[in-house]
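Below: one structure, written as structure tokens.
The values are calculated or read from the model by the stated rules, or taken from the named source; none is laboratory data. Note that the structure is predicted; figures quoted are calculated from it, not measured. In this analysis, Cβ positions are derived from the backbone assuming ideal geometry, glycine residues included, and neighbour counts consider all displayed protein chains. Ligands, DNA and RNA are excluded from the accessible area calculation, which covers all protein heavy atoms including side chains. Shrake-Rupley method; radii C 1.70, N 1.55, O 1.52, S 1.80 Å.
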Amino acid sequence: MKLQAGHSYRTRDGHTAGPVTVAGGRSHRWEGRIEGMDACHYWTDDGHFFASGKPHSLDLMQRVRRSAGKAIDQMTLADYRRGITKLYGPATSED
């Protein structure tokens, strides 16, 4: 995964980070804030928190696709499902 300026990402531990911007550092070029944390955090071009590539809970795993700003009648079923999953977690079969 390559990071892109202006996008938000999901961390390994499930928090939302971003939108990320280019910070200009050598190994940690990207910066952004993580929901619930006050400090600014930095990542490598491929989303790693540590330049060594060792796994960390703040590694960026996937881009967040938001429906924020959409009127309720403009939301798709996928938008709705993402919102429900965020609130209650993934669905499990009780069969």
Exercise. Looking at ALA17, ALA39, ALA5, ALA51, which is the one that is farther than 20 Å from THR85 by Cβ and either in contact (Cβ under 8 Å) with a residue 40 or more places away in the chain or out of contact with any strand residue (DSSP E or B) (no Cβ under 9 Å at 6 or more places or on another chain) (or both)?
Worked result: ALA51
Exercise. Of all the residues that make up the stretch 11-41, how many are assigned to a strand (DSSP E or B) and either open to solvent by less than 60 Å² (accessible area, probe 1.4 Å) or touching an Asp or Glu at 6+ places or on another chain (Cβ under 9 Å) (or both)?
Worked result: 11
Exercise. Can you name the residue in the stretch 48-66 that is modelled with pLDDT of 85 or more and open to solvent by less than 60 Å² (accessible area, probe 1.4 Å) and is also nearest to PRO19 (Cα to Cα) among such residues?
Worked result: VAL64
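Restricting to the stretch 54-67, name every residue that is touching a residue at least 12 places away in the same chain (Cβ under 8 Å) and over 10 Å from the mean Cα position of the chain (by Cα).
Hits for the stretch 54-67 are PRO55, HIS56, SER57, ARG66, SER67.
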Seminar exercise, completed: Filter the stretch 1-10 for residues that are in a loop (DSSP other than H, G, I, E, B) and open to solvent by 30 Å² or more (accessible area, probe 1.4 Å); the one that is nearest to VAL64 (Cα to Cα) is HIS7
Problem set entry | Meets criteria (among the polar types (S, T, N, Q), open to solvent by less than 50 Å² (accessible area, probe 1.4 Å) and modelled with pLDDT of 90 or more) for THR44 | yes
